[in-house]
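Colleague: One structure is given below, represented as structure tokens, and several questions about it will come after.
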Amino acid sequence: MSSHTGRKALVTGGANGIGEAASRALAAQGATVVVADRDQQRASTVAAEIGGQVWPIDLLDTDGLAGLRLDFDILVNNAGMQVVAPIQDFDVAAFRQIQRLMVEAPFLLVRACLPHMYDRGWGRVVNVSSIHGLVASPYKSAYVTAKHALEGLSKATALEGGPHGVTSNCINPAYVRTALVEGQIDAQARENGISREQVVGDVMLAKSAIKRLIEPAEVGALIAYLASDEASMITGSSYAIDGGWTAG
């Protein structure tokens with residue numbers, strides 16, 4: 001796979017889970033990775049281990065992103081959050097917060113990065129969507145809405161960026177072994193009155209042909225590929241990593 005030596009990458013939510021895996025995979029290919037995360041301590045640890053840099057930031061502060069111009073060659077929009085509740089009980093403020101973090105912030109970061117990418121004639125945008133960017137599940141209305149919106153943003157970016165050497169794609173993992181998923185397991189167990197084991201086996205993996213959680217490194221490897229020169233003709237696409245969930 002091609003080297004990213006001399007290229008700069010920004011990974012949001014880069015201190016843990018999928019973001020950490022992406023940061024490590026890109027750094028292993030020579031990129032200078034900026035780990036953007038509100039958990040500054042953990043981000044500093046990851047950055048030190050991969051020879052990267054830290055950007056301590058709360059992406060919910062979208063006003064602070066609006067005027068930015070950034071010089072990154074690779075942008076990985078990964079930061080996310082989850083709230084599980086029936087629509088009729090869903091907190092309106094939480095719904096808006098999820099859209100701000102998972103739709104508005106990625107839009108503003110793409111907007112900030114494209115001028116540099118266009119000037120270079122090369123750029124990669126990888127949006128960490130979800131299987132819920134392709135299908136829906138109950139009790140996750142805000143998350144499903146945000147991920148479907150991210151899919152649209154990614155495709156629009158692909159069409160605008162194509163003539164400038166910029167690609168944009170989504171990755172759509174099912175349940176990955178991360179702190180976010182652990183929180184979902186607990187929330188669904190409470191919501192449905194069942195055990196954690198039942199949530200994983202009977203709910204999360206019910207439609208999956210491969211009965212295990214996805215490892216973050218598996219997602220990180222695909223992110224690194226989509227950021228490579230070899231993936232220059234892949235754009236506007238959505239790549240499911242779902243153990244066969246959407247095959248049936």
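Rule-based calculations on the coordinates, nothing more; no lab input. Predicted, not measured: the structure shown is a model, and the values here were computed from it. Cβ placement follows ideal geometry from the backbone for every residue including glycine, while neighbour counts extend to all protein chains displayed.
Colleague: Place +1 on the Cβ of every Lys and Arg and -1 on the Cβ of every Asp and Glu in the chain, take the dipole about the Cα centre, and give the residue among I18, W245, L150 whose Cα lies farthest towards its positive end.
Modeller: Going by the Cα projections, it comes out as W245.
Colleague: Can you give the local net charge around S2? Use residues other than it whose beta-carbon is closer than 13 angstrom to its beta-carbon, Lys and Arg +1, Asp and Glu -1.
Modeller: Numbers: positive: R7, R124; negative: D73, D229, E230.
Neighbourhood net charge equals -1.
Colleague: Any idea what the relative contact order of the chain is, in percent, if you count C-alpha pairs under 8 Å spaced at least 6 apart? Please list the in-between numbers first.
Modeller: On the way: 504 pairs, mean separation 51.9, N = 248.
After rounding, I find 21 percent.
Colleague: Then there's this: Give me the dipole magnitude in Debye, nearest 20, for segment 174-216 about the Cα centre, with unit charges on the beta carbon: positive for Lys and Arg, negative for Asp and Glu.
Modeller: For this selection, approximately 140 debye.
Colleague: Still on this structure, I have one more. With contacts defined as alpha carbon pairs under 8 Å and 6 or more residues apart, what's the relative contact order of segment 50-162 in percent?
Modeller: Relative contact order for segment 50-162 comes out at 34 percent.
Colleague: While we're here: For the chain, with a Gaussian network of springs between Cα atoms less than 10 Å apart, report the residue from P138, P216, P115 with the top mean-square fluctuation.
Modeller: Result: P138 has the largest fluctuation of those listed.
Colleague: Right, something else. Using the membrane-span-like helix rule (whole DSSP H runs, Cα extent along the own axis of at least 24 Å, mean Kyte-Doolittle hydropathy at least -1.0), which helices of the chain qualify?
Modeller: 141-161
Colleague: Segment 81-129 to segment 130-145: how many Å between their Cα centroids?
Modeller: Result: 14 Å between the Cα centres.
Colleague: Something else: Give me the dipole magnitude in Debye, nearest 20, for segment 126-203 about the Cα centre, with unit charges on the beta carbon: positive for Lys and Arg, negative for Asp and Glu.
Modeller: The calculated dipole for segment 126-203 is roughly 80 debye.
Colleague: For the chain, give the magnitude of the charge dipole about the Cα centre (Cβ charges: +1 Lys/Arg, -1 Asp/Glu; no others), in debye to the nearest 20.
Modeller: 220 debye
Colleague: Looking only at S130, S154, S44, which one moves most when the chain is put into a Gaussian network model with springs between Cα atoms under 10 Å?
Modeller: Of S130, S154, S44, the most mobile in the Gaussian network model is S44.
Colleague: Where is the GNM fluctuation largest for the chain (alpha-carbon springs, 10 angstrom cutoff): M233, M204, M102?
Modeller: Per the Cα network of the chain with a 10 Å cutoff, M233 tops the list.
Colleague: For the chain, what does -39500 (n - 2.57) per DSSP helix run (n ≥ 4), summed and divided by total residues, give at 222 nm, in deg cm²/dmol to the nearest 500?
Modeller: Numbers: 7 runs with 93 residues, N = 248.
Here the helix-only value at 222 nm equals -12000 deg cm²/dmol.
Colleague: Looking at segment 140-242, what % of the alpha carbon pairs are farther apart than 17 Å? Show your work: numbers first, answer last.
Modeller: Values: 3222 of 5253 pairs.
More than 17 Å apart: 61 percent of the Cα pairs in segment 140-242.
Colleague: Take the alpha-carbon centre of segment 159-207, take the same for segment 5-60, and report the distance between them in whole Å.
Modeller: Going from one Cα centre to the other spans 21 Å.
Colleague: Just need the Rg to Rh number for segment 1-102, please, alpha carbons only, Kirkwood Rh.
Modeller: 1.05
Colleague: If packing is taken as the mean number of other Cβ atoms within 10 Å per residue, what is the order of 190-199, 33-42, highest first?
Modeller: 33-42, 190-199
Colleague: Right, another one. Compute the Rg to Rh ratio over the chain from the alpha carbon atoms, using the Kirkwood formula for Rh, and round to two decimal places. Spell out each step's value before the answer.
Modeller: Numbers: Rg = 17.4 Å, Rh = 18.1 Å.
Rounded to two decimals, Rg/Rh equals 0.96.
Colleague: With only alpha-carbon atoms in the gyration tensor, what are the semi-axes of the equivalent ellipsoid for segment 44-93, in Å, largest first?
Modeller: On the way: eigenvalues 179, 55, 21 Å².
The answer is 30, 17, 10 Å, longest axis first.
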